[in-house]
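Working notes, structure below.
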Amino acid sequence: MIAIVPPIAPKPAAAVTLRELRRYVVAQQAFSSRPRTADVDEVEAAVRRLSAVQLDSITTVERAHRLTLGARIGAYPPDTVSALLRAGRIFEYWAHEASLIPIELYPHFRRVMTGRAHWRFHAEAFERHPDLGEPVLERIRDEGPLPSRAFEGKGRGGMWDWKPAKIVLEALWDRGDLAIAGRQNFQRLYDLTERVIPKRWLDAPTPDEAETYRALAVEAVRARGALTEAAIREHWRWKGGKAVLHHHLEALVADGILRERAVEDGGAPFYVLADAAIDGGAAPPVFLCPFDNVVWDRPLLRRLFGFEHVIEVYKREHERVYGYYVLPLLWGDRIVGRGDLKSDRADGVLRLKAFHREPGVRASKALEDAIDKALAKLLRIVRLERVERPPARAL
């Protein structure tokens, strides 16, 4: 009689340290070590690596997406992103926020487009302005891509008090009737979706809900290196808590696509790609955009880096601690300070108005050199001529 020996369960991986995870996460971002210039293919590839790149209208230093991409690939020609949008090589839609997204993910967002709107006033747009939808589409059909300023009307003022045509344009984009065919002075250019999104992706079947959650969860982990379950949800701004994602992560682990790693601090486990080797090196000094993917998730940032991310743009001046538009300085595997920066385009100057060291970070020649290296890279990205900064004793 042959004895049947039950299979031996694989030995669980040893818990990793926060420092090991932090270094791995930093290494996965592939920050540029020197000032450089990228071409259109490198910009497209960087959007694909990051899975989503947040857009923001503030220009105090530079547009958010240029800072985020530039930190990894360097400067690139101003019209590059618009050219990629026009060519259907990337698309703009709601991800973490309004974002640049790899075109191959388009079918996963179709379910959202045909479901409930992202913002309540988008859903209400056609109820409030039932006679505007078809005339707006007709003008774009006849004239090609148009910005909202091409349409008459006025709002009441303020960030969201848009004129009726703008509200309808956003609603048509939200539900997929229109797509963004580039930017003109950062204003969206709206065009018919079939003229922007390649037929290959328009005709692709809409994945079911489970496939979309699993595919985008893997994309988030691949882009960021290691994420907790809550951080994966935050990457895509998914609502619904644990119930919406946990069973999909369990399936991805069971299928050998992701791996769950316990952490020595006893906190929530991290998910990594199944073949990930948790090792990494030090990042070159780099000023991070306040909307960079690395700083999207504040609880994760606090746990991994011991850093409290603060955006003070919307505070009154006397309420600010660090400054108006502040970029964290990543160096090695730590965030060592915050730079209050401003681009003075009239004078061609990138100004470091102040630098605030993090607790425990000492002033030193090494820190001064790191700041200068980060400023040199940033200077190329923002396309200015020279840097002005406080004297060394003030850093």
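The values are calculated or read from the model by the stated rules, or taken from the named source; none is laboratory data. Everything quoted here is computed from the prediction, not taken from an experiment. Positions of Cβ are backbone-derived with ideal geometry, glycine not excepted, and every protein chain shown enters the neighbour counts. Quick note on the areas: whole protein, heavy atoms, side chains included, nothing else; ligands and nucleic acids left out. Shrake-Rupley method; radii C 1.70, N 1.55, O 1.52, S 1.80 Å.
For V361, state whether it is open to solvent by 30 Å² or more (accessible area, probe 1.4 Å), of a type in the set (V, I, T) and touching an Asp or Glu at 6+ places or on another chain (Cβ under 8 Å). Working first, answer last.
Numbers: open to solvent by 30 Å² or more (accessible area, probe 1.4 Å): yes; of a type in the set (V, I, T): yes; touching an Asp or Glu at 6+ places or on another chain (Cβ under 8 Å): no.
No; evaluated as a whole, the condition is false for this residue.
Counting only residues that are touching a Phe, Trp or Tyr at 6+ places or on another chain (Cβ under 8 Å), assigned to a loop (DSSP other than H, G, I, E, B) and in contact (Cβ under 8 Å) with a residue 40 or more places away in the chain, which one in segment 290-332 is surrounded by the most Cβ atoms within 10 Å (Cβ to Cβ)?
P290
If a residue has to be within 22 Å of E194 (Cβ to Cβ) and either under 16 Å from the mean Cα position of the chain (by Cα) or in a helix (DSSP H, G or I) (or both) to count, how many in segment 72-94 make the cut?
Of the residues in segment 72-94, the ones within 22 Å of E194 (Cβ to Cβ) are 81-94.
If we keep only those that are either under 16 Å from the mean Cα position of the chain (by Cα) or in a helix (DSSP H, G or I) (or both) too, we end up with 81-86, 90-94.
Final tally of qualifying residues: 11.
So which residues in segment 184-200 are open to solvent by less than 60 Å² (accessible area, probe 1.4 Å), out of contact with any Pro (no Cβ under 6 Å at 6 or more places or on another chain) and modelled with pLDDT of 95 or more, if there are any at all?
R188, Y190, L192, T193, V196, I197, P198
Condition first: in contact (Cβ under 8 Å) with a residue 24 or more places away in the chain and more than 23 Å from R302 (Cβ to Cβ). Now tell me which residues in segment 245-268 satisfy that. Working first, answer last.
Residues of segment 245-268 in contact (Cβ under 8 Å) with a residue 24 or more places away in the chain: 245, 248-249, 251-252, 257-259, 261-265, 267-268.
Scanning segment 245-268 gives H248, A251, L252, I257, L258, R259.
What residue, of T206, T212, T193, is of a type in the set (S, T, N, Q), in contact with a His (Cβ under 8 Å, 6 or more places away or on another chain) and on the phi < 0 side of the Ramachandran plot? Give the steps one after another, and end with the answer.
Details: T206 fails: in contact with a His (Cβ under 8 Å, 6 or more places away or on another chain); T193 fails: in contact with a His (Cβ under 8 Å, 6 or more places away or on another chain).
From the options T206, T212, T193, the qualifying one is T212.
State whether one or more residues within segment 269-282 are in contact with a Phe, Trp or Tyr (Cβ under 7 Å, 6 or more places away or on another chain), of a type outside the set (V, I, T), modelled with pLDDT of 95 or more and more than 15 Å from P299 (Cα to Cα). Give the steps one after another, and end with the answer.
So in segment 269-282, the residues in contact with a Phe, Trp or Tyr (Cβ under 7 Å, 6 or more places away or on another chain) come out as 278-280.
Checking which are of a type outside the set (V, I, T) leaves us with 279-280.
Still in the list and also modelled with pLDDT of 95 or more: none.
Checking segment 269-282: not a single residue is in contact with a Phe, Trp or Tyr (Cβ under 7 Å, 6 or more places away or on another chain), of a type outside the set (V, I, T), modelled with pLDDT of 95 or more and more than 15 Å from P299 (Cα to Cα).
What residue, of G88, G70, is surrounded by fewer than 22 Cβ atoms within 10 Å (Cβ to Cβ) and not β-branched (V, I, T)?
Numbers: G70 fails: surrounded by fewer than 22 Cβ atoms within 10 Å (Cβ to Cβ).
After applying the criteria, what remains is G88.
Hey, does segment 305-319 have a residue that's hydroxyl-bearing (S, T, Y) and modelled with pLDDT of 95 or more?
There is no residue in segment 305-319 that is hydroxyl-bearing (S, T, Y) and modelled with pLDDT of 95 or more.
Kindly indicate whether any position in segment 30-47 is in a strand (DSSP E or B), in contact with a helix residue (DSSP H, G or I) (Cβ under 8 Å, 6 or more places away or on another chain) and open to solvent by 50 Å² or more (accessible area, probe 1.4 Å).
Yes, the conditions are met somewhere in segment 30-47.
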